[in-house]
Amino acid sequence: MNLILHIGLPKTGTTALQNWLSCNMKELRENDIYYIPSVMIGHRLAVETIPLSNRHYQPDILNIKHTQMAQVDLALNKAVSSGAKNLLISSEYFYISDPSLLIRVINNYHINLKKIICFVRRQDELLASGYNQDIKCLKRYMPFKVPGYFVMYDWLQMMNNWLAHSPKSLFRLKNYDYHKLNLSLFDTFAEELSLTTTLNKPVHKFANESLHAELLEMTRVANSLGHFAFAEHAIKAQQNGFKGSKFCFSDKIKKKILSYYKKSNKRIFKETGLEEFRDFASANEPDSPGIDLTNNFPVEYAIEFFLWYRQNIS
């Protein structure tokens, strides 16, 4: 059996793609692809192949470990016995897995790695999205501070780690922001699965959309005052059409982040030869498509928000 591995980096449409896969399990089977519907099975397999480190003791990993490896064993054996030629597994945690450990595990089931699909984002966009998510869902209130270099955000290093254990032809690196902008995320994913269509139940809803810049700063301030419930109101208002500006780090912050990955990003564009990575190559001169209102509370917007919320939601 051949394995198609989806390395779903955080904030790259992974949940949307997994929902799409779940909606189309029957059609995938008709195309000789067996998809394990339980995302937790993929997470547990990925966690099992993360090198020993402090990461194993963090809350999200400990929660995943409630799923026993015996359940993974059962799922993989069921997949092999299904008679399908291809097995598809998706998880947000494969990007921190040790490729050699993962390949060793799947080979025990007579499964061979056939293809690796990975959507990445330019580091400034990824960290901006993560910061937004932390304020929206994790009660963060401290302003963003530019971190130093982290190997986990070096996509060239990640790709080379996998290529050290598999042929270059197996690795498919894609630019998430490029495909989201062009509404081609599902089409591209389907194409990599050798499907001629996105099938009959495409899911064009992206989970965990970032808050507007104004709502984000209002939520951050509310979190700092202990009013954590405000985030729910902000999310509900945005989902119901309340408008705002796109959130984006300032050019100064973006340039600082990208300075750590400049050479790596340029090599990605050069080695892939894909036009979609051109903005990675020119990452030293970002052009902010949005605004950052940190420490600049939008008073007039806040008044409009509360009046609109009272009339439309309350």
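The table below lists the values:
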{"item": "Selection within the range 283-309 - loosely packed, with under 14 Cβ neighbours inside 10 Å and either modelled with pLDDT under 95 or within 23 Å of Asp124 (Cβ to Cβ) (or both)", "result": "Asn284, Glu285, Asp287, Pro289, Asn295, Asn296"}
{"item": "Helices (runs of 4 or more DSSP H) fully within the range 104-199 counting 2 or more residues that are surrounded by 13 or more Cβ atoms within 10 Å (Cβ to Cβ) and hydrophobic (A, V, I, L, M, F, W, C)", "result": "123-137, 155-163, 185-192"}
{"item": "Every residue from the range 200-227 that is surrounded by 15 or more Cβ atoms within 10 Å (Cβ to Cβ), at pLDDT 90 or above and part of a loop (DSSP other than H, G, I, E, B)", "result": "Ser210, Leu211, His212"}
{"item": "Number of the exception - Glu232 against (1) at pLDDT below 95; (2) surrounded by fewer than 19 Cβ atoms within 10 Å (Cβ to Cβ)", "result": "(1)"}
{"item": "Answer residue from the range 1-33, given it is hydroxyl-bearing (Ser, Thr, Tyr) and surrounded by 21 or more Cβ atoms within 10 Å (Cβ to Cβ) and is farthest from Lys65 (Cα to Cα) among those", "result": "Thr12"}
{"item": "Helices (runs of 4 or more DSSP H) fully within the range 249-314 counting 3 or more residues that are in contact with a helix residue (DSSP H, G or I) (Cβ under 7 Å, 6 or more places away or on another chain) and within 26 Å of Phe150 (Cβ to Cβ)", "result": "251-259, 262-272, 278-281"}
{"item": "Any chance Arg55 is basic (Lys, Arg), crowded, with 19+ Cβ neighbours inside 10 Å and within 24 Å of the chain's Cα centre (by Cα)", "result": "no"}
{"item": "Subset of the range 268-282 that is over 19 Å from the mean Cα position of the chain (by Cα) and buried (at least 17 other Cβ atoms within 10 Å of the Cβ) - its residue that is modelled with the highest pLDDT", "result": "Phe269"}
{"item": "Close pairs (7 angstrom Cβ cut-off, 6 or more residues apart or separate chains): closer than 18 Å to Ile36 by Cβ in the range 57-74, acidic (Asp, Glu) anywhere", "result": "Met69/Glu48"}
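A quick yes/no check of all residues on (1) farther than 20 Å from Arg104 by Cβ; (2) at pLDDT 95 or above; (3) polar (S, T, N, Q):
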| site | (1), (2), (3) |
| --- | --- |
| Asn24 | yes, no, yes |
| Glu27 | yes, no, no |
| Asn31 | yes, no, yes |
| Val39 | yes, no, no |
| Glu48 | no, no, no |
| Tyr57 | yes, no, no |
| Lys65 | no, no, no |
| Leu76 | no, yes, no |
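The values are calculated or read from the model by the stated rules, or taken from the named source; none is laboratory data. Model, not experiment: these values are computed from the prediction. Here the Cβ is made from the backbone with ideal geometry for all residues, glycine too, and neighbour counts use every protein chain on show.
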